[in-house]
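Working notes, structure below.
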Amino acid sequence: MFSKMYYYFLYLRTYLIIKRKQLLNAVSLTRKNSYTPFVILSEPRSGSTLLHTYLNSHTQIKSYGEVLRENLEERPDRTIKDPLNKLAFKPHTPALKAIGLKLFYEYYEHPLYAESFKNVIDRKDIKIIHLIRRDPLKVYTSLKIAQKTNVWSTLKSADANRIQKIQIDCEDYTSFLKSYLKHQQLFSAMFTDHPLLEIAYEDLAKNPEQTLYTVQEFLGVKPKKLFSLLKKQNPDSLQSLVVNYDEAVKLTHELYLSKL
């Protein structure tokens with residue numbers, strides 16, 4: 001009972017913080033670009049939504065998440081000129097000290113997002129939070145389960161009946177692994193001229209307080225205790241989720257060793 005009440009308290013608290021920031025921005029007579037711009041850069045299914053929701057529970061941080069994709073889905077027949085600055089890095093109330101959004105690796109070569117990605121590369125003042133996940137098999141498994149269930153994030157506890165075992169296609173997984181390794185190396189090198197912070201999903205999940213403290217210091221805001229209402233979608237072990245787990249692990253090790 002207590003945990004349920006605490007959950008509702010956190011929900012109300014987060015809701016009020018977000019609404020307060022929206023109100024301040026709406027009624028502000030003076031809007032400026034005096035904030036710290038930032039980007040959460042990652043592979044999908046690496047914890048970017050978790051980090052995004054954590055940051056939005058801070059009173060001085062506004063994360064627009066996947067605003068580029070969302071705008072395109074809402075208005076597929078209209079192209080916004082300079083979407084990065086129109087949708088996210090526009091003037092805001094001085095009460096907001098850090099403004100950001102999410103960029104996935106795949107946007108780099110995507111015709112609809114490539115221009116925005118290039119703008120981020122060109123703007124050396126944008127701080128990059130490079131979020132990685134150390135276990136690519138977990139990334140791949142999470143992606144396949146999300147595609148199968150069409151559930152990409154949830155506020156509810158995982159339903160054991162919804163999570164089904166999957167058979168990994170070794171050829172497809174090998175292709176994914178090669179792309180995954182290539183992207184991590186490419187983007188780590190690409191943003192060396194930017195203020196760059198690399199964090200791991202595993203650290204965010206196991207030790208959120210310390211990891212988020214580091215992120216808040218990086219963004220130049222006063223560190224606070226942050227909250228996320230998201231629930232882990234696939235709490236079961238990989239062994240219980242992947243039918244051919246041993247084969248997939250062997251592939252992972254072989255490809256990683258070949259890159260050394």
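Here are the numbers for this structure:
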| read-out | value |
| --- | --- |
| Qualifying helices (runs of 4 or more DSSP H) (wholly inside region 170-233; at least 1 residues being in contact (Cβ under 8 Å) with a residue 12 or more places away in the chain and more than 18 Å from the chain's Cα centre (by Cα)) | 170-190 |
| Residue match in region 81-89 (condition: more than 21 Å from the chain's Cα centre (by Cα) and free of Cβ contacts under 8 Å to residues at least 60 places away in the same chain) | yes |
| Failed condition for residue 106, given (1) under 29 Å from residue 217 (Cβ atoms); (2) under 16 Å from the mean Cα position of the chain (by Cα) | (1) |
| Selection status of residue 61, β-branched (Val, Ile, Thr) and over 17 Å from residue 28 (Cα atoms) | no |
| Hits in region 111-122 (condition: over 16 Å from residue 70 (Cβ atoms) and either in a helix (DSSP H, G or I) or modelled with pLDDT of 95 or more (or both)) | 114, 115, 117, 118, 119, 120, 121, 122 |
| Residue in region 199-230 that is surrounded by the most Cβ atoms within 10 Å (Cβ to Cβ), counting only those that are closer than 17 Å to residue 100 by Cβ and touching a Ser or Thr at 6+ places or on another chain (Cβ under 7 Å) | 219 |
| Candidates 108, 35 - the one that is at pLDDT 95 or above, over 24 Å from residue 206 (Cα atoms) and of a type outside the set (A, V, I, L, M, F, W, C) | 35 |
| Close pairs from region 132-149: first over 16 Å from residue 50 (Cβ atoms) and in contact (Cβ under 8 Å) with a residue 24 or more places away in the chain, partner in a helix (DSSP H, G or I) and of a type in the set (S, T, N, Q), Cβ under 8 Å, at least 6 apart | 136/252; 137/252 |
| Any hit, region 75-85, residues being among the acidic types (Asp, Glu) and either crowded, with 19+ Cβ neighbours inside 10 Å or modelled with pLDDT of 95 or more (or both) | no |
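The values are calculated or read from the model by the stated rules, or taken from the named source; none is laboratory data. What you see is a predicted model; the values in this text were computed from it and never measured. Cβ coordinates were reconstructed from backbone atoms using ideal geometry, including for glycine residues, and neighbour counts include every protein chain displayed.
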